[in-house]
1. I'd like the orientation of helix 2-14 relative to the chain: the angle between its Cα long axis and the longest Cα principal axis, in ° from 0 to 90, rounded to 10.
2. Quick check: residue separation of A47 and A77 times 0.36 nm, minus the Cα distance between them. What number comes out in nm?
3. Nothing charged except the Cβ atoms of Lys and Arg (+1) and of Asp and Glu (-1): what's the magnitude of the dipole of the chain about its Cα centre? Round to the nearest 20 debye.
4. Would you please give the FRET efficiency between Y3 and E61, computed as 1/(1 + (r/R0)^6) with r the Cβ-Cβ distance and R0 = 41 Å, to the nearest 0.05?
5. Over the chain, what lengths in whole Å, largest first, do the semi-axes of the equivalent ellipsoid take, defined as the square roots of 5 times the eigenvalues of the alpha-carbon gyration tensor?
6. Just to confirm my numbers, what's the Cα centroid distance between region 1-18 and region 19-43 in Å?
7. What FRET efficiency, computed as 1/(1 + (r/R0)^6) with R0 = 25 Å and r the Cβ-Cβ distance, is obtained for V23 and A54, rounded to the nearest 0.05?
8. GluC sites (Glu not before Pro), restricted to region 1-73: which are DSSP loop and have at most 16 other Cβ atoms within 10 Å?
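Any read-out appearing in this document is the output of simple, stated calculations on the displayed coordinates, not a laboratory observation. Bear in mind that the values here come from a model prediction, so they are computed numbers and not experimental data. When we count neighbours, we look across all protein chains shown, and the Cβ atoms used for this are built from the backbone with ideal geometry, even at glycine.
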Amino acid sequence: PAYQDYVARSQAPAGLPDIRGGVTAFEEIVNKGTPTAYSNAEIGLAASTTRCSAITVVAGESGSITCALVGNPKIDAETVALTRNTSGEWECSTSLTGTDATKYEPAGCDN
């Protein structure tokens, strides 16, 4: 059980770098006032990675970039997301739930 916790704690934050790279391009599109819908490729992200079974982009001033995590059953299919508010600030959140959820969250993310 302790090893499984260790694995889950390392896998949950591993999806964050796979989506963080899209933030700058996302900001550029928003600041240009161009499309309200755009693809992963337009912000330099793949549709999936080894750590994210799916990467989803929701366009707009209050859009988001979400990774559906892959790995240990404690985090598999849960999500880690970066969400932009209308002030241009990005926040990290997860869909992790339960009493142990906080130990699997990436630093600075809330569920």
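1. It is inclined by approximately 10 degrees.
2. Numbers: separation 30, 0.36 × 30 = 10.80 nm, distance 1.51 nm.
Extra length available between A47 and A77 comes to 9.3 nm.
3. Working: 7 positive and 13 negative charges, 39 e Å.
Using only the charged Cβ atoms, the result is roughly 180 debye.
4. On the way: r = 43 Å, r/R0 = 1.05.
The formula returns an efficiency of 0.45 here.
5. Values: eigenvalues 148, 39, 17 Å².
Those come to 27, 14, 9 Å.
6. 28
7. Numbers: r = 18 Å, r/R0 = 0.72.
It comes out at approximately 0.90.
8. On the way: sites: E27, E28, E42, E61; in loops: E61.
Answer in residue order: E61.
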